[in-house]
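Some notes on the structure that comes next.
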Amino acid sequence: MFLKFATIAVIMVMSFDNIACAAQGVPQPPSRPPTLQAKPAPAQPVVPAQPAAPAPAPSPQPQEDAAACLAKLSEIGAVAEPVPPPPAPLPDCSSKTPVRMSLIHLASGASLELPGKPILNCEFALVFTDFARNLLAPLSTSMLGSPIAALDTGTSYECRPRNHVAGAKTSAHGKGIAIDIGAILLADRRRVGIAHQTDAAETLFLQTMRHAACGWFTTVLGPGSDPSHAEHFHFDIEHHGNNERYRICE
Ligand SMILES: [Zn+2]
């Protein structure tokens, strides 16, 4: 009896040893990768692929800007020729595309002469031409009974401080974006001076034109604004502050 029990015990010990050996010697299957053990991620909404944003168009070259402006100027009826950059002794003076204007063809078929041959930056020449064709000419005919024939222009491009005051900001004239007008000459040979009118109709015409000019220019100065503008109108397209809609119309 004892031998039988001892034999069973020995067999059991041997069996445990074999199991231990098997556990140590037999390759075990690889453990499950953590990624497969984790809960599956919730389904994400399918976002359609966005088309690649188009590359920004290259900035037009200054030469292209100038050519386009000159073409536009001719298209709207101005007779102007490009001129070399005028002298700019002050650091803020410049004119990107200076042109010398000599005449504006009006919608009526008549011509508006500019005997002073003002030199303007092309972008300003566009505004000025539009002003002459669409405000000055029809207003003159309707209020004074005569087509407009010529403008007595004063300063156009001139590199100088405002109002000729040393140390003041550079005048819009120094950027080619301003023009002064001293008188308006009509086809019936009348001369309407900005400082001296011969009748109430001329005065009303100038007042009306002066107010309406703020639709084209950002700065309109004239008699009553300050002593520097007692005898002429000054028109420019200078930006005032950060607001492009701001106007100084005095
Ligand atoms: Zn001026």
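Computed quantities for the displayed model
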{"item": "All positions within region 202-222 that are open to solvent by less than 40 Å² (accessible area, probe 1.4 Å) and either under 21 Å from Arg190 (Cα atoms) or in contact with a Pro (Cβ under 8 Å, 6 or more places away or on another chain) (or both)", "result": "Glu202, Phe205, Leu206, Met209, Gly222"}
{"item": "Yes/no for Asn243 being within 32 Å of the chain's Cα centre (by Cα), modelled with pLDDT under 95, open to solvent by 70 Å² or more (accessible area, probe 1.4 Å) and within 13 Å of the ligand (Cβ to nearest atom)", "result": "no"}
{"item": "Selection status of Asn134, open to solvent by 20 Å² or more (accessible area, probe 1.4 Å), in contact (Cβ under 8 Å) with a residue 60 or more places away in the chain and not basic (Lys, Arg)", "result": "no"}
{"item": "Region 102-137, residues that are within 28 Å of the chain's Cα centre (by Cα), part of a loop (DSSP other than H, G, I, E, B) and closer than 16 Å to His234 by Cβ", "result": "Pro118"}
{"item": "Tally of residues being in contact (Cβ under 8 Å) with a residue 60 or more places away in the chain and either under 13 Å from Met101 (Cα atoms) or not hydroxyl-bearing (Ser, Thr, Tyr) (or both) across region 137-157", "result": "5"}
{"item": "Hits in region 138-158 (condition: under 25 Å from the mean Cα position of the chain (by Cα) and surrounded by fewer than 20 Cβ atoms within 10 Å (Cβ to Cβ))", "result": "Glu158"}
{"item": "Any chance Asp199 is within 16 Å of the ligand (Cβ to nearest atom) and either of a type in the set (A, V, I, L, M) or modelled with pLDDT of 95 or more (or both)", "result": "no"}
{"item": "Condition broken by Ala187, with the remaining ones in (1) within 21 Å of Phe217 (Cα to Cα); (2) in contact with a strand residue (DSSP E or B) (Cβ under 8 Å, 6 or more places away or on another chain) satisfied", "result": "(1)"}
{"item": "Test result for Gly224, within 16 Å of the ligand (Cβ to nearest atom) and without any contact (Cβ under 8 Å) to a residue 40 or more places away in the chain", "result": "yes"}
{"item": "Within region 138-193, strands (runs of 3 or more DSSP E) holding 1 or more residues that are within 12 Å of the ligand (Cβ to nearest atom), β-branched (Val, Ile, Thr) and touching a helix residue (DSSP H, G or I) at 6+ places or on another chain (Cβ under 9 Å)", "result": "178-186"}
{"item": "Of all residues making up region 227-239, the number that are charged (D, E, K, R) and near the ligand (Cβ under 9 Å from one of its atoms)", "result": "1"}
{"item": "Any pair with Cβ under 6 angstrom, 6 or more apart, that starts in region 68-83 at a residue that is surrounded by fewer than 13 Cβ atoms within 10 Å (Cβ to Cβ) and ends at one that is not aromatic (Phe, Trp, Tyr)", "result": "Glu81/Arg100"}
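The values are calculated or read from the model by the stated rules, or taken from the named source; none is laboratory data. Computed from a prediction, not measured in an experiment: that's the story for all the values here. Virtual Cβ from ideal backbone geometry, glycine too; neighbours counted across all protein chains shown. Heads up: the accessible areas ignore ligands, DNA and RNA and are worked out on the full protein's heavy atoms, side chains in. Shrake-Rupley method; radii C 1.70, N 1.55, O 1.52, S 1.80 Å.
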